[in-house]
Amino acid sequence: MKIIEKNINNIQVIAISGRVDVISANDLEIFLASAISDNSRMIFDLSDTEYISSSGLRIFLASLKILKKKNGEMRLVSLQPVVRNILDISGLSNIFSIHHNLKEAMDSFDEIF
């Protein structure tokens with residue numbers, strides 16, 4: 001798993017490539033703990049994410065919960081079909097704000113703030 005982050009218009013964009021599984025989940029959890037403490041609006045670009053295990057889903061859910069407690073927002077963008085299917089099967093696709101691309105996700109923040 002590889003994580004690349006950038007800040008665009010005060011929105012933290014985090015691109016995750018590879019697999020988010022039991023092996024890489026701890027690294028992602030540590031990274032996000034720091035990122036969430038500094039940001040309230042986050043976009044996860046999953047265009048290069050091949051797979052998300054239940055460990056990865058738990059981290060995304062925990063991140064969403066923390067962000068909501070601080071009146072923050074989180075978006076998922078550019079999901080690969082396998083990742084989208086995992087979210088659909090787990091029933092989590094209705095919990096997350098999912099967008100087709102980065103521009104759509106960025107624009108959705110403008111509607112709120």
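The values are calculated or read from the model by the stated rules, or taken from the named source; none is laboratory data. Computed from a prediction, not measured in an experiment: that's the story for all the values here. Cβ: placed from backbone, ideal geometry, glycine included. Neighbour counts: every protein chain shown.
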Discussion item. Looking for something modelled with pLDDT under 90 and hydroxyl-bearing (Ser, Thr, Tyr) - is there at least one such residue anywhere in region 69-87?
Written reply: no
Worksheet item: Does Ile3 satisfy the condition of being under 13 Å from the mean Cα position of the chain (by Cα), closer than 17 Å to Ser90 by Cβ and either surrounded by 15 or more Cβ atoms within 10 Å (Cβ to Cβ) or not charged (D, E, K, R) (or both)?
Response: no
Worksheet item: Between residues in region 94-111 that are under 19 Å from Asn39 (Cα atoms) and residues that are modelled with pLDDT under 95 and among the basic types (Lys, Arg), which pairs lie under 6 Å by C-beta distance while being six or more apart or on different chains?
Response: Phe109/Arg41
Worksheet item: Given the residues Ser63, Ser55, which is the only one that is part of a helix (DSSP H, G or I), within 12 Å of the chain's Cα centre (by Cα), at pLDDT below 95 and of a type in the set (S, T, N, Q)?
Response: Ser63
Fill in: In region 66-107, the residues that are in contact with a Leu (Cβ under 8 Å, 6 or more places away or on another chain) and in a loop (DSSP other than H, G, I, E, B)
Ser78, Leu79, Gln80, Leu92, Ser93, Ile95, Phe96
Item to complete: Give the number of residues within region 1-52 that are in a strand (DSSP E or B) and either among the charged types (D, E, K, R) or in contact (Cβ under 8 Å) with a residue 40 or more places away in the chain (or both).
Response: 11
